[in-house]
1. Can you tell me which residue within region 90-137, out of those that are under 30 Å from Gln63 (Cα atoms) and of a type in the set (Gly, Ala, Ser), is surrounded by the most Cβ atoms within 10 Å (Cβ to Cβ)?
2. Select from region 177-217 the residues that are under 15 Å from Lys231 (Cα atoms) and of a type in the set (Lys, Arg) and write down the one among them that is surrounded by the fewest Cβ atoms within 10 Å (Cβ to Cβ).
3. Looking at Gly285 and the list (1) surrounded by fewer than 23 Cβ atoms within 10 Å (Cβ to Cβ); (2) closer than 15 Å to Trp215 by Cβ, which single condition is not satisfied?
4. Restricting the search to region 66-116, which residues are closer than 25 Å to Asn27 by Cα and part of a strand (DSSP E or B)?
5. Can you name the number of the only condition in (1) closer than 24 Å to Asn66 by Cα; (2) touching a Leu at 6+ places or on another chain (Cβ under 9 Å) that Ala357 fails?
6. Between a residue in region 6-30 that is in contact (Cβ under 8 Å) with a residue 40 or more places away in the chain and any residue that is in a helix (DSSP H, G or I) and polar (S, T, N, Q), which pairs come within a Cβ distance under 6 Å, given they are 6 or more apart or on different chains?
7. Restricting attention to region 8-26, report how many residues are over 27 Å from Lys81 (Cα atoms) and either among the acidic types (Asp, Glu) or under 16 Å from the mean Cα position of the chain (by Cα) (or both).
8. What are the residues in region 256-282 that are among the small types (Gly, Ala, Ser) and either under 26 Å from Gly339 (Cα atoms) or free of Cβ contacts under 8 Å to residues at least 40 places away in the same chain (or both), if any?
Amino acid sequence: MSYATLEDTYNFAKKFAHYKDFYTKSNGLVFSKLGLGTFTKEPYKEENYVFHYIEGVKEAVRQGINLIDTASNYRYGQSEKEIGEALKELMDAKEVSREELIISSKGGFIQLEYPFPENPYTWIDENIIEAGLATKEDIELDQHCMTPDFLEWSCKRSLNNLGVNSLDIYYLHNPEMQLLRLGEKKFYKHIEKIFERFEKLADEGLFQSYGVAVWNGFTSETKDERISLEKLVECAIRVAGMNHRFKYIQVPFNMGKTAAYTNPTQKVDGVECSVVNAAHNLGIGVMSSSSLLQMNLFKKSFSAETGVVLDNTMTLKNDVQLALQFVRSTPGIISSLFGSKTPVNVRENCEISKVKAVPRSKYDLLYRL
């Protein structure tokens, strides 16, 4: 099995030694502070399924990004397949090795493939229910399923789509979708069963570590819809002891959605704290998603004061770069994902590597502007 390794991810970072504190070490791997995400909104538009992300993925690696994130359902499997094609081209040309790259995917949503089946419900009956992967009752809103059998099947499909024999991180995707249906007690019991299967799959070499990726699961203002990170860690410990492979969470975080860093929605040892602080206290690494809020951050220009705090050298050229500088500088976040399909946009986004991260003392000023 081929995984990212400390030696190889460190050697990858050394190729970009001129970058300013653009790499960080976590859980025995060296991560770029920006990662490439491959989510696309408006999934039913035909143009979202044309293979036109390959050059963007290749450019991201050439620009020093070694974290590539996707999910089984992104663009109905097309995102994984395009990443696989891009990686094959890069590796065949010996531009990068598998061990230099940190590849993550997610399972939890039913991944209908493109072109879409004429009747999605028939497809689900034939491929999920009749195959014994889940019952109708296990499927929420005709789209979300997290039985251990389904997740194992989904993970293996992701590996096939990506053209790799192992992942570095495999996330349970948006489990909060099932919290209300199951109720708290059954929910965490079910999480234990999932983590037990994930530990088995890690033993078999399908991935190095696993995590939980959410949208509002850790920060929901409604307690009944909020997941406790502490309880997730307790589930992992019950299943596998202190050497469990539950190592990461992925949460949305950007200049318009800062709850993961600012809001005390979690508790650890009875003390209220933010998601980022809870993760730090529990030994869990934090990745952030939606760094640009699907471009909704830019309906009006950032203030001059914000620009000066984020980049007092005046090196960065636009608000997109400033928004990425913000997430890249956030204490406690390993890497922040952005999505871009064109090489020119990838290059522009990676311009933030030319400036240092904002110091903590100045970073906290941003919340007062």
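1. The residue in question is Ser105.
2. So, considering only residues that are under 15 Å from Lys231 (Cα atoms) and of a type in the set (Lys, Arg), the one surrounded by the fewest Cβ atoms within 10 Å (Cβ to Cβ) is Lys185.
3. (2)
4. Passing the criteria: Leu67, Ile68, Asp69, Ile102, Ile103, Ser104, Ser105, Lys106, Gly107.
5. Failed condition: (2).
6. Tyr19/Ser353; Phe22/Ser353; Leu29/Thr9
7. 2
8. Narrowing region 256-282 to residues among the small types (Gly, Ala, Ser): 256, 259-260, 270, 274, 278-279.
Scanning region 256-282 gives Gly256, Ala259, Ala260, Gly270, Ser274, Ala279.
Bear in mind that the values in this text are calculations on the coordinates, not laboratory data. A quick note: this is a predicted structure, and the numbers were derived from the prediction, not measured. Reconstructed Cβ throughout: ideal geometry from the backbone, glycine too, with neighbour counts over all protein chains shown.
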